[in-house]
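So the structure is just underneath, and the comments pick up after that.
The values are calculated or read from the model by the stated rules, or taken from the named source; none is laboratory data. Keep in mind the model is a prediction, meaning the values are calculated, not measured. No Cβ is skipped: glycine too gets one built from the backbone with ideal geometry, and neighbour counts run over all protein chains shown. Areas reflect the complete protein model, heavy atoms only, side chains present, ligands, DNA and RNA absent. Shrake-Rupley method; radii C 1.70, N 1.55, O 1.52, S 1.80 Å.
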Amino acid sequence: FHLSNIAKIRPILSLRDAETLIHAFVSSRLDYCNVLLSGLPNYAIRSLQLVQNAAARLLTKTRKYDHITPVLSELLTPYTPARPLRSLDAALLVIPSINKKSLGFRAFAYRAPYLWNTLPLHVKEASSVENFKSRLKTHLYSLFYSLP
């Protein structure tokens, strides 16, 4: 409902205003109870993924039948140092500079590389999605339970 209303006024909105509306009315509701969604089968999550993809298409002005994955992957840039460094093989992403006084630090283009870069290398180098999920879950549990 909110997404279709935002789509009607999207031509007159700036990118920042459209992003604010989508975060306020769509993303916040998708994120509200995401802990409850973590074990659901794919068919149950598919409808939520479709809403999230529609919001991304609306924000980036991508057509309905275009794939959204390449558009989102353009927001992420691999880190390549100017000279050989130990971080060359660390599978890092470039974190764009933002004005931290604004809400820019919550944007996907900033948070995704920031969080990715904090992961240990063995998690990032997983050979499959299932393997990545398993390693990520183990890493997060170890972080949580190692606190005093």
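Computed quantities for the displayed model
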| quantity | calculated |
| --- | --- |
| Interchain or long-range residues, amide H under 5 Å from Leu93's placed H | Tyr79, Asn117 |
| Ser47/Leu115 FRET efficiency (R0 25 Å; Cβ-Cβ; nearest 0.05) | 0.50 |
| Efficiency of FRET between Ala90 and Glu130 - r from beta-carbon atoms, R0 22 angstrom, step 0.05 | 0.45 |
| Integer Hz, Karplus 6.51/-1.76/1.60 couplings in order for segment 117-132, x for Gly and Pro | 5, 7, 6, x, 4, 5, 6, 5, 8, 4, 7, 8, 5, 4, 5, 4 |
| Ile95 - accessible surface, heavy atoms, 1.4 Å probe, Å² rounded to 10 | 70 Å² |
